[in-house]
Amino acid sequence: PFELNDQEAAAHPNPYVSVQLHAEFRSPRHKTFLMPAFWAGGRRMIIRFAPDEPGDWEFRLTSNLERFNEKTGSFQATASEAPGFVRPANLHHWSVIAGENLNKLKPHLWMGDTCYRFAFLTGDQFRALADARAAQHFTHLRGLAIGSAGDSGTVYADPAHPRPEYFDRLDQRIKYINSKGMVADLILAGRDNHLTKLFPAWDQRERYIRYLIARYSAMNITWQGLEDFESYDSGRELLKEIGTLLKQNDPYGHSRSTDTRATSASLAADGWMSFITYESADDQLGAIEHQLYPAAFVN
């Protein structure tokens, strides 16, 4: 965590909008991760990072806060038996890194449940849901990162002011899902133009996406685009904007697609998706699209 002093707080009354703070991490194998900080309420900024290999790491800060700019440091990461993030493998399949062996992959069975408003359940309701799905050997739990349109006031006071207490709760819910061995599949906004109603301007949407990347990309997640993207006035264009932003700025390259009423395959040519989703009980749809598209699928 980083705490703004009196002078910095006076110069940046809304750190969510104006503070720029990044850390470039360099792994023992010389791979780099550029991680942005996120505003955590008050004067606090946090850089959240999950090293993905054991050994000695180095980092360098860049910031428009002179006190932190160009600072460097190092730390040692110990080996972990936790599996890595889920990735497409062999075109139509899924895999994860097998614990501390960075060169070995193991198959991943994607079996998921959806609870759109999981962040708005009571604590007991949410834990009961997550515990039950984990006991049933589910591997994914999917939901809306910021609820539906009716929840907007709980999540953002206005487009420039997220409510830290909501995102603190979302943090804990995603951590709990991960602790149960499941991946949290995050839908970025609800149906019927929810995203563009909450964030009418592109710079507002860009800031929101960057905030989610900073806050959640170090966790075990996938990006799930927009709920029923077909319900948006310009769903394809909007997804290309935010999907490209995710592709370019998520240092972990988490798997990306979108929720859909039928299939997201029509968006494959736009270049930002790493897998295709469809929603259908018709086996023929999946069978045909598996032949047409060299990608992993989730129904």
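Hey, for a label at Asp56 modelled as a point 7 Å past Cα toward Cβ, could you say which residues of the range 12-41 have their backbone N under 18 Å away? It comes to 25-32, nothing else.
Using a Gaussian network model of the chain in which every pair of alpha carbons under 10 angstrom is joined by a spring, one finds that among Ser148, Ser266, Ser27 the greatest mean-square fluctuation is at Ser266. Expressed to the nearest 5 percent, the antiparallel share of DSSP beta bridges inside the range 177-299 is 10 percent. A Cβ-based charge dipole, computed about the Cα centre of the range 1-146 with Lys and Arg at +1 and Asp and Glu at -1, lands at about 400 debye. Ranking Gly181, Pro200, Ser280 by Cα position along the charge dipole of the chain, where only Lys, Arg, Asp and Glu carry charges on their C-beta atoms, puts Gly181 farthest toward the positive end.
For the chain, the Cα gyration tensor yields ellipsoid semi-axes of 30, 24, 19 Å (square root of five times each eigenvalue, largest first, whole Å). Please list, by residue number, everything in the range 211-243 whose backbone N is under 12 Å from a paramagnetic label point 7 Å out along Cα→Cβ of Asp192. Answer for this model: 231-232.
Taking amide H as placed 1.01 Å from N in the peptide plane, the amide H of Arg163 sits under 5 Å from that of Tyr156, Ala157, each at least 5 places away or on another chain. Within the listed set Glu289, Glu230, Glu81, the residue fluctuating most in the Gaussian network model of the chain (springs between alpha-carbon atoms under 10 angstrom) is Glu81. The orientation-averaged projected area of the convex hull spanned by the Cα atoms of the range 90-192 comes to 8.6 nm².
Averaged across orientations, what area in nm² does the convex hull of the alpha carbons in the range 125-164 project?
That works out to 3.8 nm², a quarter of the Cα hull's surface.
Here the range 43-85 is treated as a sphere whose radius is the Kirkwood value from Cα pairs; by Stokes-Einstein at 10 °C and 1.306 mPa s it diffuses with a coefficient of 127 µm²/s.
Backbone geometry of the range 171-180 corresponds, through the Karplus equation with coefficients 6.51, -1.76 and 1.60 at θ = phi - 60°, to 3J(HN,Hα) couplings of 3, 5, 5, 5, 4, 5, 4, 4, 5, 8 Hz, x marking Gly and Pro. Just how many % of Cα pairs in the range 219-299 lie over 15 Å apart, if you round to the nearest whole percent? Result for the distance tail: 54 percent. Rounded to the nearest 500, the helix-only mean residue ellipticity at 222 nm of the chain stands at -8500 deg cm²/dmol, with each DSSP H run of n ≥ 4 adding -39,500 (n - 2.57). With a sphere of radius 13 Å drawn around the Cβ of Leu141, what net charge do the other residues whose Cβ falls strictly inside it have (Lys, Arg +1; Asp, Glu -1)? Taking every Cβ under 13 Å from that of Leu141, the sum is +4. Each residue of the range 84-92 was assigned a 3J(HN,Hα) from its phi angle through the Karplus expression (A = 6.51, B = -1.76, C = 1.60, θ = phi - 60°), giving x, 6, 6, 9, x, 8, 6, 6, 9 Hz with x at Gly and Pro. Length available on full extension from Arg261 to Arg29: 0.36 nm per residue minus the Cα-Cα distance, which gives 79.3 nm.
For the range 1-76, the solvent-accessible area works out to 56 Å² per residue, with a probe of 1.4 Å and every protein chain left in place. Ligands, DNA and RNA left out, the 1.4 Å accessible surface of the range 231-273 is 42% carbon and sulfur atoms. Here Ala89 and Asn69 are evaluated by their C-beta separation; at R0 = 30 Å the FRET efficiency comes out at 0.15. Applying the Karplus relation 6.51 cos²θ - 1.76 cosθ + 1.60 with θ = phi - 60° to the range 260-267 yields 3J(HN,Hα) values of 7, 7, 9, 8, 9, 4, 5, 8 Hz, where x marks Gly and Pro.
Once the Cβ-Cβ distance of Leu292 and Ala149 is raised to the sixth power relative to R0 = 30 Å, the FRET efficiency obtained is 0.30. With both bridge residues required to lie in the chain, what share of the DSSP beta bridges run antiparallel, to the nearest 5%? Among the beta bridges of the chain, antiparallel pairing accounts for roughly 65 percent. Past 31 Å, Cα to Cα: identify those pairs from Lys197/Lys247; Lys106/Lys247; Lys71/Lys106, in the order given. Check vs 31 Å cut-off fails for Lys71/Lys106. Remark on Trp94: its backbone amide H falls under 5 Å from those of Ala89, His108, a criterion applied only to residues 5 or more positions apart or on other chains, H modelled at 1.01 Å from N. Rounded to the nearest 20, the size of the Cβ-charge dipole of the chain about its Cα centre is 500 debye, with Lys and Arg at +1 and Asp and Glu at -1. Positive contributions from Lys and Arg (+1) and negative ones from Asp and Glu (-1), summed over other residues with Cβ under 10 Å from the Cβ of Gly190, come out at -2. One decimal place: the segment Thr122-Ala77 gains 12.7 nm when fully extended, by the rule 0.36 nm per residue minus the C-alpha distance. Every Cα-Cα pair in the range 1-111 was counted, and those over 25 Å apart are 40% of them.
Determine the gain in length on full extension of the stretch Ala269-Asp203; use 0.36 nm per residue of separation and subtract their C-alpha separation, reporting nm with one decimal.
Difference between extended and current length: 21.3 nm.
Peptides 273-279, 45-51, ordered by how many other C-beta atoms sit within 10 Å of their residues on average, highest first, read 273-279, 45-51.
The values are calculated or read from the model by the stated rules, or taken from the named source; none is laboratory data. Computed from a predicted structure; not experimentally measured. Neighbour counts run over all protein chains shown; Cβ positions are idealised from the backbone, glycine included. Side chains are part of the model used for accessible areas, which takes the heavy atoms of the whole protein and leaves out ligands, DNA and RNA. Shrake-Rupley method; radii C 1.70, N 1.55, O 1.52, S 1.80 Å.
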